[in-house]
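Enquirer: Let me give you the structure first, and then I'll get to my questions.
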Amino acid sequence: MEVTIKSTKILLIQSDITLEETDAIVNAANTSLRGGGGVDGAIHRAGGPEILEECIAKYPQGCKTGEAKVTHGGLLKAMWVIHTPGPIWRGGDQNESELLKNSYRNSFQQAEFAGATSISYPSISTGIYGFPIQKAAPIAIDTVLDCLPSNSIREVHFVLFSKRDLTIYTEILTQVLDSSLE
Ligand code: AR6
């Protein structure tokens, strides 16, 4: 699915985020910023050791949940990786939604500061961290749409790993667009 909102193209795609050619890709990291499994593991494997070296040198304290830190993309096509630890799902009453919103917004802002014109997001927190995707998808879409119009970002990709996740995102974006027309 592809729509243009406030001069920024929004794309929902099923793919591997390490293949993205956007200026920036977002990494669903953990607070240590020292790598991990899931999309984090895939990004560090594809990008090579430079990404971890830069994380260690620039961010000795790691990164707080919901904040975002930038490194170069190493061997990736993307010039920058924006690392953000999303919240671990603990049932929904531990501020998880607000923290997830922060991850999307702070990643967007860091990409803008870096000068990116395009950014790709994975579905943050909905894998190992257990955030239900039905609850996470509207937060992801609403938060990014609230960042528009952007001075620099002209394209946003939501990169979903499974067909099921792509279907959920497509339903949510369609609902958001329908409700904005009412
Ligand atoms: N491209 C796009 N999406 C992917 C890829 C990929 N290559 N690989 C996995 N996904 P997760 P989290 C999807 O677990 O829930 C790590 O160990 C996956 O199917 O990667 O935020 C970190 O170091 C799911 O939909 O991230 C943290 O410790 C989504 O990406 C922890 O996992 C997010 O799943 C973070 O957990």
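The values are calculated or read from the model by the stated rules, or taken from the named source; none is laboratory data. As the structure is a computational prediction, the values presented were derived from the model and not from experiment. Backbone-built Cβ (ideal geometry, glycine too); neighbour counts: all protein chains shown. Surface accessibility is based on the protein's heavy atoms, side chains included, excluding ligands, DNA and RNA. Shrake-Rupley method; radii C 1.70, N 1.55, O 1.52, S 1.80 Å.
Enquirer: Considering only segment 148-166, how many residues are touching an Asp or Glu at 6+ places or on another chain (Cβ under 8 Å), near the ligand (Cβ under 10 Å from one of its atoms) and in a loop (DSSP other than H, G, I, E, B)?
Expert: Filtering segment 148-166 down to residues touching an Asp or Glu at 6+ places or on another chain (Cβ under 8 Å) leaves 150-153, 157, 159, 161.
Subset that is near the ligand (Cβ under 10 Å from one of its atoms): 159, 161.
Imposing the further condition that a residue be in a loop (DSSP other than H, G, I, E, B) reduces the set to 161.
So the answer is 1.
Enquirer: So, of the residues in segment 3-25 that are small (G, A, S) and in a loop (DSSP other than H, G, I, E, B), which turns out to be farthest from the ligand (Cβ to nearest atom)?
Expert: In the first step, residues of segment 3-25 are kept if they are small (G, A, S); the result is 7, 15, 24.
With in a loop (DSSP other than H, G, I, E, B) added as a condition, the list becomes 7, 15.
Numbers: S7: 26, S15: 7 Å.
Looking at the filtered set, the residue picked out is S7.
Enquirer: Only one residue in A28, A78, A42, A46 is part of a loop (DSSP other than H, G, I, E, B) and within 22 Å of S162 (Cα to Cα), so which one is that? Walk me through it before giving the result.
Expert: On the way: A28 fails: part of a loop (DSSP other than H, G, I, E, B); A42 fails: part of a loop (DSSP other than H, G, I, E, B); A46 fails: part of a loop (DSSP other than H, G, I, E, B).
When all the criteria are applied, what remains is A78.
Enquirer: Within segment 98-129, work out how many residues are open to solvent by less than 40 Å² (accessible area, probe 1.4 Å) and near the ligand (Cβ under 9 Å from one of its atoms).
Expert: Looking only at that region, the number is 7.
Enquirer: Let me ask you something else. Pairs please, first residue from segment 107-132 and farther than 21 Å from S15 by Cβ, second anywhere and among the hydrophobic types (A, V, I, L, M, F, W, C) and more than 7 Å from the ligand (Cβ to nearest atom), Cβ atoms under 6 Å, 6+ apart in sequence or on different chains.
Expert: Close Cβ pairs satisfying both conditions: Q110/A68; Q110/V70; Q110/I82; A114/V70; A114/W80; G130/W89.
Matching residues to (1) open to solvent by 10 Å² or more (accessible area, probe 1.4 Å); (2) basic (K, R); (3) under 27 Å from G130 (Cα atoms):
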| residue | (1), (2), (3) |
| --- | --- |
| A28 | yes, no, yes |
| T31 | yes, no, yes |
| G38 | yes, no, yes |
| C55 | no, no, yes |
| K69 | yes, yes, yes |
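Enquirer: Also: Considering every residue within segment 77-95, establish whether at least one is under 20 Å from I172 (Cβ atoms), touching a residue at least 24 places away in the same chain (Cβ under 8 Å), within 16 Å of the ligand (Cβ to nearest atom) and loosely packed, with under 15 Cβ neighbours inside 10 Å.
Expert: Yes; the residues of segment 77-95 include at least one that is under 20 Å from I172 (Cβ atoms), touching a residue at least 24 places away in the same chain (Cβ under 8 Å), within 16 Å of the ligand (Cβ to nearest atom) and loosely packed, with under 15 Cβ neighbours inside 10 Å.
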